[in-house]
Structures are given as C-alpha cells and as structure tokens.
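One structure below.
Read the figures in this text as sums done on the coordinates, not as results from a lab. These numbers come from a predicted model, not from an experiment. Here the Cβ positions follow ideal geometry from the backbone for every residue, glycine too, while neighbour counts run over all protein chains shown.
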Amino acid sequence: MGAAKQALRATLSEGPEVSMADNGPDQASPVRQAAAGLKVLPIVEGLVLIVALILPLFLQDYLTVFATRVIILALFALSFDLVWGYAGIMSFGQALFFGSAGYGVALLARDLNITSILLVLPAGTLIGLTTSLLLGGFLLLGRHPSSVIFVALGTLTGSYAADRLARGWYYLGGQNGIPSIPPMSLGSYDLTEGPVYYYFALGILAIVYLLCRFLVRSQFGLALAGLRENEQRIAFFGYKVQHLKAIVFAVGGTIAGLAGSLYAFHEGFVWPNMLGVVISTQVVLYVLFGGSGTLIGAVIGAVIIEGVSFWLSDNYREIWPIILGVLLLLVILFRPLGLISFVLGERERVGSFGAARKEKRNAAP
Amino acid sequence: MPLLEATDIGKVFGKLTALDGAALTVGDNEFHGLIGPNGSGKSTLMKCVAGAEMPTRGKVSFVNRDITALSPTERARAGMSLKFQITSVLPTLTLYDNILLALQAQSSLFDLVFSRTRGVLHDHVMMMLSQFRLADRAHDAAAALSHGQQQWLEIAMALAGKPRLLLLDEPTGGMSLEERRVTGELLQPIKQHCSLVIVEHDLDFIRDICDRLTVLDQGRVLASGTVAEIQANRNVQEIYLRRA
C-alpha cells in the first residue's frame, strides 16, 4: 500500500501539467466569443420601451384603451414568468391573485368609496401577496418538496374554485361580477382610460420590470437558476428549496395583485372570469409564446398574442380562434423557448451572475 | 468521538433488504473507502448518511450530533457534502456560477437579493477553480466541459462550502486512466481540512488514496480496517482484491 502511494506521488511530481482539456481552445472559443460579444437583450428591451413610449401618439383613442389593457396584461405575464420561467414552479392558477386583487379593490371602491391610487394599488398588491402566501405556503412548504404536478393541480384548483365561488356569491355580484367601478383618483383628479392611464400603467410596468430584472440578475437569481435546473442538487448545497419557492411564488402573486387592481379600474368592472382558468391559461401562453425565463419575452408574448387576437378577430370573425391556436402550437412546437429565441442565444438567456461584472469593474479604471 | 458514526443501519425497499445492520465510522482527516460487489449496499449506505434516503433503522451521528432525522439541507448546513454518482453540474450555467452557487448557499436571503456576497466570494471561486485546474474556462458553460472535467467541477462544488465530510459516489466513473490519476492528485490536498468517504469500483484508485476501508457484502459489513489490514484479510482478498 505504502509503495503504491509513493508511486502515485512520484508520478504526480513528474508530470506537472496534465492535459485535461478534451475540448481544446478551438472548441471553447465560440462560447467565449458569445459571452464577450454583443448583448442582444438590452437592445430588445430598449426597442420595446421606445415603441411603447411613442405608440399612443399614433393610435386612435379606442386603440389606446386596448394598448393599456395589453400593458396591464404584460405586467401580469411578468408575474407568471418569474414563477415559472425563473423558479420552475408551474402555477396554473395565477389568475387567482390577479382576480382576488381585482375584486378586492372593486369592493373597496363600491362599498367604502375608496378610490385613491395611494390606497387601492397598495391594497390590491397586498391582497395578491396574502393570497399567494397562503396558497404557496400550503402547496410548497411541506416537509418534502412538492412535485410539479401537485403544484400545477393545486394552483389550477385554487383558481377554478375561486371562479365558482365568485359566481355563486351574491355579495360579489354572482355571474355578473361588480359593474361600474368608479375611476381611481389622485386628489381631485380622476384617472380614466386613455393616454394618461396608458402612461401610468407603462410607468408601473417599467418599474416592476426593473425590479424583477434586478432580482433575477442578483445572487438570488443564481439560486433560482439552480432551483429550476436541479432542485435536489441545490438542496444538498444547503439551500432551503421550499422557502425559495414560496418566496418567488409570493413575489409573483404580489405582481399579479398589482396588475389585477390596475385591470379592474381600467375596465371599470370585475367578473368571475378574472379569477378563473381561462385567464390563468392565457398568461401561461403569453410567457411560452414570448419566451419563458426572459422578462422581455413575457412582455412581448402578451403584446403579440393580444395584438394578433385583436387583429384576427376583426378580420376573420369566424375562424380567428383556430388561426390563433395553430399559430401558438407552431411556436411551442418549433420554438419551445419562445419567439425571443430567434434573436437571443442560450448563453445570454441564462446569463452570468458573478464574474463578468467583477471583471468589468476591474477593467473600467 | 469519530467525525461520522453510522451504526446498525438497515434499509428495506419493499421486499428487498438493501442494508442489514451496516456500519461506518470515519475519523477526522481520514479518507475512507467503501467497497463491495454490486448490490452490496454501498450507494444505499452513502445515501442514508447523506440524507438522500432515510434508513429504516439505525442511527447516524455527525460531529457529536444525532442527524438520523435531518433533511439533506440541514445535513449540508452541518458540514456534510455529497457528490452525486451521476454528474449533476448545472450545464447551462458557467463554471464560475456553478461554484458561486455552491458557495453562496449559506448566505442570507438579504445578502442574496442585494448580491452582497458576490464580491467577497470572488477570490474563493477563482481559488476553487484553479485548484481543480478549471480557471481558464471559468466563463464557459459547464456543458462544454469533458466528462472528467465535469466530475472535477462537481467535486469542486461539493468542496466549496468547506465541508467537514465529503461523500463521493463513484468519482472516477467514466474517466480515462489519466483522468483517474489526476483525480487522485486533486483530492490529496483536501485531507488537511476534510474527511472523505468514497464509493468506488476502481480498487487501485481506492487503495492509492484511502487510509481505511469498509467492505460491504449483502448489506452487512464484511470487514473494516486500514488498507493493509483489509489487504491481508483472507476473505476480502479472495473475493475482492484478487485481481488487484
């Protein structure tokens, strides 16, 4: 035995640098070039922002109202993207938080006459946070990690049950929901649908987008990347996997709540569908279509799906849902990473979390 | 008190008894090999120690603490680290981020959200990468590495959190002879601060780097002792070490 060890040491000291790279520098360089090369994401983000900023200048009033609705739905899509695209939690009931907040603020406005932006938006956000904490706590915080299918069915059931509950509850207006919600106000100013509401919603979308961007590029974002790639592995590093999931789920619920309250006041009424499976599925489609795991993908998905449905329903009154369905299928079959993957490479989509920035900082001075 | 002491471990899967009173004792700074024929329960014992499987009976204590009922996360936080048999580096992340992910596991939520430990951990990440000769590929995706290099990256990740005990399940599986030799070389320095349990088929490899061995057969301990003692043990010799 001792001899064997000595022999080992001897061979080790003889051979200083062992060639271990099966992939020589030639094979590695494209990856490196891609990492060091042009970033596509900021360009796409910038373009989308510019288009969104100048859009109302070219739109008729009724189209501005439509565009505002799309902006709010894009905000809602962000919430699902965070939960599914970044943390790998299959939430099929995201509308539960969207609709609960919508109903909550509608009741505040109807029964208590509270319409101040400074009260209703925080209230809606809080409702989203609370419901998602409750549901997330129940679905995700068990002794053992919950399976994807358990979470998917749990959230789906939650959303469906809420829809049924709202339909049968007289206080919530039953099938008809709550109509004629007064507009949000700031002092004596009423925020009604139109360009002002559009820019207001766009501002909120931009702020939430930047916050999400900050979050997913932080070290927390790295933990999320580990979570969605290999949950068991990172548990063995000492990550509290269930806690991570519950936190992201709650953040997603919070954003959905904010979107729901904006939506309720923009439309001027809430109805049971807003809680239900249809909207929950719709938001899944936005994100899959645009590209999950990229924030801008969620926004683009919402904009394109809503835009195309709008145009199709205008021009092909009878068959537009079929055309839309086929279109969605094609993208999901041939571009599983969504439309964004036409311009965005895998490496940039996943991103880097530590080194690149550090080196950039060092190189700057 | 030894660092790790697993006593009378039993594990039953349905009708199959994988472990029947197996035991494992590992001291500080000791490299301990776990050997035995296929189906002898090596990997199962390893999993029971790591918390990937819960034993049906028996007790596992680690650093003077009963950890039998603790989850893998809690064991990791107590200073135990596991390298899986199947390579499970995160292929889409860069090597750098793979190591950072392992290192930051114990950072608080606040530190993670505001990336407060990113700067502090940088030197440590680069040190781990150079220790395993991967520094020049820090910014490549882990998927671009060769199989052997992925195994090294995985060992580096398992070591990143400065564990007291590292469990390696077949670290040289699928490696070339040369890569095996280098793996042995890479593991030697960690003895200063860490004990090691290795499950491995390559007996030469085990003999070269381990201090003590435990031989399992049909879920029980056949023999346990220093490498010399095990080599001298007639039963073991006949069955396992003849070819070596």
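In table form, for the structure just shown:
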read-out: Amide hydrogen neighbours beyond the local backbone of B:Asp20, cut-off 5 Å, H modeled; value: B:Lys11, B:Arg220
read-out: Partner chain coverage, peptide A:344-354 - average Cβ within 10 angstrom; value: 5
read-out: Around A:Leu140: net Lys/Arg minus Asp/Glu count, Cβ-Cβ under 13 Å; value: +2
read-out: Within a Gaussian network of chain B (alpha carbon springs, distance under 10 Å), most fluctuating of B:Arg212, B:Arg118, B:Arg164; value: B:Arg118
read-out: Neighbour-count order for A:Thr294, B:Thr25, fewest beta carbons within 10 angstrom listed first; value: B:Thr25, A:Thr294
read-out: Proximal aspartates and glutamates relative to B:Lys59, as straight alpha-carbon distance under 14 Å, when same-chain residues fewer than 8 apart are discounted; value: B:Glu5, B:Asp8, B:Asp20
read-out: Helical segments meeting 18 Å axial Cα length and Kyte-Doolittle -1.0 threshold in chain B (DSSP H); value: B:118-131, B:147-160
read-out: With Cα atoms, 0 to 90° folded angle of helix A:61-80 axis to chain A main axis; value: 40 degrees
read-out: Size of charge dipole - the protein assembly as shown - debye, nearest 20, with Cβ of Lys, Arg +1 and Asp, Glu -1, no other charges; value: 780 debye
read-out: Given B:Lys11/B:Lys47; B:Lys11/B:Lys83; B:Lys11/B:Lys162; A:Lys245/B:Lys83; A:Lys240/B:Lys191, the pairs whose alpha carbons are separated by over 18 Å; value: B:Lys11/B:Lys83; B:Lys11/B:Lys162; A:Lys245/B:Lys83; A:Lys240/B:Lys191
read-out: Ascending count of other beta-carbon atoms within 10 Å, so fewest first, for A:Thr157, A:Thr68; value: A:Thr157, A:Thr68
read-out: Chain A: angle of helix A:2-14 to the longest principal axis, Cα-based, in degrees nearest 10; value: 80 degrees
read-out: Theoretical FRET efficiency, 1/(1+(r/R0)^6), r = Cβ-Cβ of A:Tyr171 and A:Leu119, R0 22 Å, to 0.05; value: 0.55
read-out: Cα→Cβ-extended label distance, 7 Å offset, between A:Phe310 and A:Leu47, nm; value: 2.0 nm
read-out: Proxy reagent accessibility, fewest Cβ within 10 Å first, across B:Phe114, A:Phe237; value: B:Phe114, A:Phe237
read-out: Cα long-axis angle, helix A:95-112 against chain A (0 to 90 degrees, to the nearest 10); value: 40 degrees
read-out: Length-normalised contact order for the stretch B:91-144 - Cα pairs under 8 Å, 6+ apart - percent; value: 63 percent
read-out: Gaussian network model of chain A, Cα within-10 Å springs - most flexible of A:Gly99, A:Gly257, A:Gly194; value: A:Gly194
read-out: Helix-only [θ]222 nm of the protein assembly as shown, DSSP H runs n ≥ 4, -39500 (n - 2.57) each, per residue, nearest 500; value: -18000 deg cm²/dmol
read-out: Most mobile listed residue (A:Gln219, A:Gln242, A:Gln60) in chain A, GNM with C-alpha springs under 10 Å; value: A:Gln60
